[in-house]
Amino acid sequence: MNKELMEALDILEKEKEISKETLFEAIENSLLTACKNHFGKADNVKVEIDRDTCDFLCYAEKEVVPTKEDVEDNCLQISLDDAKELSEKAAVGDILRVEIKSKEFGRIATMNAKNVILQKIREEERSVIYNQYYEKEKDVVTGVVQRYVGRSISINLGKADAMLSESEQVKGEVFKPTDRIKVYILEVKNTPKGPRINVSRTHPELVKRLFESEVTEIKDGTVEIKSIAREAGSRTKIAVWSNNPNVDAVGACVGMNSARVNAIVEELRGEKIDIVNWDENPGNLIQNALSPAKIVAVFADPDEKTAKVVVPDYQLSLAIGKEGQNARLAARLTGYKIDIKSETQAKDAPGFRYEDYVDDYEDEYEEGYEEEGLYEEGEVTEDE
């Protein structure tokens, strides 16, 4: 029994997750390559390895011919006299197995055989890593920041490195080497140099996956995230729905003393999160989505996917949000094109669009929140 070879294969299988069968095939191919380099051909060469003992046999199948003068190719034929020395039962026309001693191979043949094995191990290692991370595509993983590569960031995910490109970074986020961060795997590509993994910190699905990992009710299907709208680094709105009438969807996501949502906010480095109730009625959904602003009336057209919203005069800046953010996120969350106007404007301006009024109310935005007591720095708002 070849104990050293068995131990080496066990270590490779455990550390690199490469199956023994693949390694056995690599060894067989390496011996065939060595035979070809040593004899010039290996068409009639066979290699057999005992999977239990790791003992191997390398032999050539040769045709028995009457005399040495009849031997035209030493690699393919053997004389009857020589064949009798190997087997007394040998006869002309028989195919005889002639053992090849691997120790007789030259240095070049041996080096080529070694390279074949190493190449196969590298290929299998890359394949294992690719398959491992391909299964995690569209999921969240934890990585360690290594270094900046230009404006991109190299992140170690354990067995492979991922690249966080500038376009997938949250504006204002700065990382230091050894920082542990969660990233969303966008795409895993198989390349000759190994798997290329692209990750993101801005994708809306990152927030969704974080809620799935933090909120058990979402993980088990009791609560569903119906829609999500995100402006990375600033604010996210999510609409949730409970399949159990005894479970409050928003409360489950917020958690006791806001513990669950605060853990996510901390991971997103202070990004504010609004959690609202999903409603099949578009009017109610739009009203929830514009939270924390109070709504007087909603006129929704499900066919055109448009809606006109009327709010109290003093709530207009709050409903629109700073630079139109609140209304913009509400539109993405609901899928409706939303026009917001105050009660006064509703009487005379049927074609009102909130974009036209953003500049007028931008300065009043913070005032609107503070006067209503609905907003404090760092607080997570939820639909009441």
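FYI, it's all coordinate maths here, none of it is from the lab. Not measured: the values here are computed from a predicted model. Cβ coordinates were reconstructed from backbone atoms using ideal geometry, including for glycine residues, and neighbour counts include every protein chain displayed.
Things worth noting here:
- Segment residue 97-residue 10, extension gain: residue separation times 0.36 nm, minus the distance between their alpha carbons: 28.2 nm
- Among 170, 247, 215: highest mean-square fluctuation, GNM of the chain, C-alpha pairs under 10 Å: 247
- With the simple model of a label 7 Å out from the Cα in the direction of the Cβ, residue 135 to residue 196 spans 2.5 nm.
- Cross-link check: pairs 16/36; 176/272; 41/120; 322/347; 20/84; 46/68 evaluated at a Cα-Cα cut-off of 26 Å; pairs beyond the cut-off: 16/36; 20/84.
- Highest mobility in the GNM of the chain, judged by mean-square fluctuation with C-alpha springs under 10 Å and restricted to 53, 33, 306, is found for 53.
- Gaussian network model of the chain, springs between alpha carbon atoms under 10 Å - residue of 49, 155, 197 with greatest fluctuation: 49
- Taking the Cα centre of the chain as origin and assigning +1 to Lys and Arg Cβ atoms and -1 to Asp and Glu Cβ atoms, the resulting dipole is close to 1340 debye.
- Overall Cα dimensions of segment 1-113, principal axis frame, Å, largest first: 54, 29, 19
- Nitroxide proxy distance, nm - points 7 Å out along Cα→Cβ at residue 212 and residue 247: 1.5 nm
- Hydrodynamic estimate: the Kirkwood radius of segment 203-278 over Cα pairs, inserted into Stokes-Einstein at 25 °C and 0.890 mPa s, corresponds to D of 203 µm²/s.
- Placing a label point 7 Å from the Cα of residue 52 along the Cα-to-Cβ direction, no residue of segment 1-23 has its backbone N under 11 Å from that point.
- Virtual spin-label span in nm between residue 163 and residue 71, 7 Å along Cα→Cβ: 5.8 nm
- Once Rg and the Kirkwood radius are both taken over the C-alpha atoms of segment 136-199, their ratio Rg/Rh works out to 0.93.
- Structure-derived volume of the Cα convex hull per residue in Å³ - corresponding label in (i) 243; (ii) 193; (iii) 216: (i)
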